[in-house]
1. With each pseudo-label sitting 7 Å past Cα toward Cβ, what's the Trp257-Phe4 distance in nm, one decimal?
2. Please give the calculated 222 nm ellipticity per residue for the chain, where each DSSP H segment of at least 4 residues contributes -39500 (n - 2.57) and the sum is spread over every residue; nearest 500 deg cm²/dmol?
3. Among Trp103, Trp187, what's the order by accessible area (1.4 angstrom probe), most exposed first?
4. Just read off the accessible area of Leu147 with the full protein assembly in place, 1.4 Å probe, to the nearest 10 Å².
5. Which listed residue (Ala255, Leu157, Thr67) has the Cα farthest towards the positive end of the charge dipole for the chain, taking +1 on Lys and Arg C-beta and -1 on Asp and Glu C-beta about the Cα centre?
6. Taking a probe of 1.4 angstrom, what is the accessible area of Cys71 in Å², to the nearest 10?
7. Take the Cα atoms of the chain, find their three principal axes, and give me the spread along each one in whole Å, biggest first.
8. On full extension of the chain, what length is gained from Ala91 through Leu158, given 0.36 nm per residue of separation minus the C-alpha to C-alpha distance?
Amino acid sequence: MIDFVQNTVDGIMFGSSYALLAIGFTIIFGVMRRLNLAYGATIMLGAYAGTWLHVHYQVNALVVAMTILACTVLAGIYVERLCFRAVRRDAVLASMVSSFVIWMQLEEVAIHLLPERTYPFPSLFVAGSFELGPFLFRAEQITMLALAVVMVAALNLLLHRTRYGLALRAVCESPQAAGYMGIDTRWVMLCAFALVSLVGGVAGYAILATDEQVTPFFGLWATFKGLIAMMLGGMGSLPGAILGGLVLGVVEAHAQWYLGNEYKDLSAYVLLFAILVLRPGGLMGRRILGREELAFRRV
């Protein structure tokens with residue numbers, strides 16, 4: 001029983017990183033309704049830019065963090081200009097394919113910055129681990145979980161309690177109608193891409209500062225884990241992003257302990273398949289869709 005509880009705790013701790021990634025994907029796919037496959041690559045490019053400064057100039061962790069945030073936002077704006085501003089909204093397939101091409105491009109740029117396999121990444125603070133009874137906790141991962149909760153609360157307030165959030169939801173639902181109401185749709189979407197890139201930069205820095213290393217597979221890993229956690233929680237549900245990430249982390253932790261490390265990733269895909277069959281809208285997606293449908297009926 002102690003092993004089971006410890007594995008669950010470890011899964012929740014690991015799942016906090018998945019939750020951070022899922023928040024950004026939830027905004028992109030669920031709120032903005034854009035098929036942006038380059039999101040993980042923008043995070044990777046920012047991470048590599050910060051790591052390049054750390055490796056070549058030994059800058060401190062704060063400078064690395066600011067560099068990651070700035071480069072991730074710039075990369076997100078670059079993706080928006082090429083893949084979504086330049087392509088008609090109804091050309092969904094063209095936007096998705098172009099974002100995939102930009103994904104490959106950004107990864108190549110990052111790999112040319114740092115061609116080796118693994119590089120050290122500076123930690124923000126040395127917190128270590130602590131014990132609570134027979135169970136072990138890592139303070140960095142608890143910090144990531146708390147950060148995910150704070151980010152979800154702030155984004156919920158932004159989307160549902162501010163004029164910009166109302167404008168963004170209006171543009172995502174009907175750009176033409178939003179334009180007739182005097183909303184600058186292009187500016188709203190540009191700010192949305194910058195915002196979601198900022199969220200991704202924070203997530204990427206928190207994850208890498210905990211792992212204390214970065215590899216060329218980080219962009220692909222972030223894309224897969226973020227998408228799976230988002231689909232588990234439900235598209236459009238920010239609290240669902242946290243729930244999906246934690247569930248994914250717990251399932252992977254138990255699969256690794258009881259079945260072996262080679263079944264860790266397989267368990268994630270099996271879980272996703274089961275959720276899509278049993279609850280196609282995700283764990284919390286149906287409630288979000290039902291609430292939106294009721295709101296539109298009232299309108």
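1. With each label point 7 Å from Cα toward Cβ, the separation is 1.0 nm.
2. On the way: 12 runs with 217 residues, N = 299.
That comes out to -24500 deg cm²/dmol.
3. Trp187, Trp103
4. 60 Å²
5. Leu157
6. 40 Å²
7. 60, 47, 32
8. 21.3 nm
The values are calculated or read from the model by the stated rules, or taken from the named source; none is laboratory data. The structure displayed is predicted, hence computed values, not measured ones. Quick reminder, even Gly has a Cβ in these numbers, built from the backbone with ideal geometry, and neighbours come from all protein chains shown. For accessibility, only protein heavy atoms count, side chains too; no ligands or nucleic acids. Shrake-Rupley method; radii C 1.70, N 1.55, O 1.52, S 1.80 Å.
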